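Nothing in this text is a laboratory measurement; each read-out follows from the coordinates by a stated rule. The shown structure was predicted, so the numbers you read here are calculated from the model rather than taken from an experiment. All Cβ positions, glycine included, derive from the backbone under ideal geometry; neighbour counts span all protein chains shown.
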Amino acid sequence: MPTSFSPPAASDPSHHALEQAAEWFALLDSGEATEADRRRWDAWLAASAEHRDAWRYVERISHRFAPIKASPERDTAIAAYQQASGSLQRRRQTLLGLGALAGGGLLGWTAWRHTALPGVAQAWLADHRSGTGEVRDIILPDGTVVWLNAASAFNQDFSLTDRRLQLLRGEILVDTAADPQGRPFHVDTPEGRLRALGTRYTVRLEAADTFLAVYEGAVEVRTAAGATAVIPAGRQTRYTREALGTPEPADPAREAWTRGLLLARNIPLASLVQELRRYHPGHLGLAPELADLPVYGGYPIDDPAQTLAMLESVLPVRVKRSLPWWVSIEPRDDPAAAPR
């Protein structure tokens, strides 16, 4: 399954260093580098720890795409990859290689599933998950419909007394069904528990909190620390383990991803790119000076290549492709970063 890559954190290599590293990688990988080029690359690499960190980041991404590079029909494989990366793969289910776990029996499997694993590992073992660029709609046993956004995952636990989802990664849109047995419907996140009250709502895990938007009915929020509130239809909020944010009007455009769209109403370009990374395999970088550019309009979030082309046509930006799996958005009048 293709993997999306988030940009490094503030303490990691700068955008400029990453772009230089990608340019060096493209040159050295082309087979056209001279001995003089290699000496210049050695000097660039030795110049700073930041350069070495940037180089390792590029190498890590390149290894993910090694099968494409090794293909005897490399150009065809790259073209197929580029086409596939611009298409939404709906309702694709990946079978997990869990045969090794089966030998441990049910107890071993249960213990493994409920161990406090890192988020990514838990997502790989989830009952329902989606990959980069994949949106799925899932009908649960009670008739509830859950839309699973790209790069998302949740576990499902239905018992005689409860209906429970555990959101492990990403975002879901839930349209709850009435239950003849009268069981409550809960969604658990690291920050707390949500109880549906005849509801259609979005839940999204962010870096430091959980986002909730209610479109129909209402949702009761209970944080891990015990704070509670009922969020009615038309309102949205964020909550942490300790506290609830102030509710504000919900933006109906937020659920447009279930239809393959991202509706931008004066949002910063950085926010749009962050969402687009869920659908773009490989690296998608953004020059920091462009982060606050306002964006308007509707974009086919399930087609990253088309979205990038549209952004290039309406904003003062250009899309640079150093490698098939390395794309960055740069100022239109800024010359391409060159190895130095």
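Just a few scattered comments:
- Under 5 Å, built H, 5+ apart or other chain: amide partners of Ala151: Ser130, Gly131, Thr132, Gly133, Glu134
- Added length on full extension, which subtracts the Cα-Cα distance from 0.36 nm per residue, Leu261 to Arg183: 24.7 nm
- Projecting label points 7 angstrom from Cα along Cα→Cβ for Glu50 and Arg241 puts them 3.4 nm apart.
- Distance (nanometres) between label positions extended 7 Å along Cα→Cβ at His63 and Arg332: 4.0
- Calculated FRET value between Glu248 and Asp127, using beta carbons and R₀ = 41 Å, to 0.05: 0.80
- Gap separating the Cα centres of segment 147-203 and segment 283-325, nearest whole Å: 33
- Unit Cα scatterers, Debye sum, segment 153-265: log10 I(q)/I(0) for q = 0.10, 0.15, 0.24 Å⁻¹: -0.27, -0.61, -1.51
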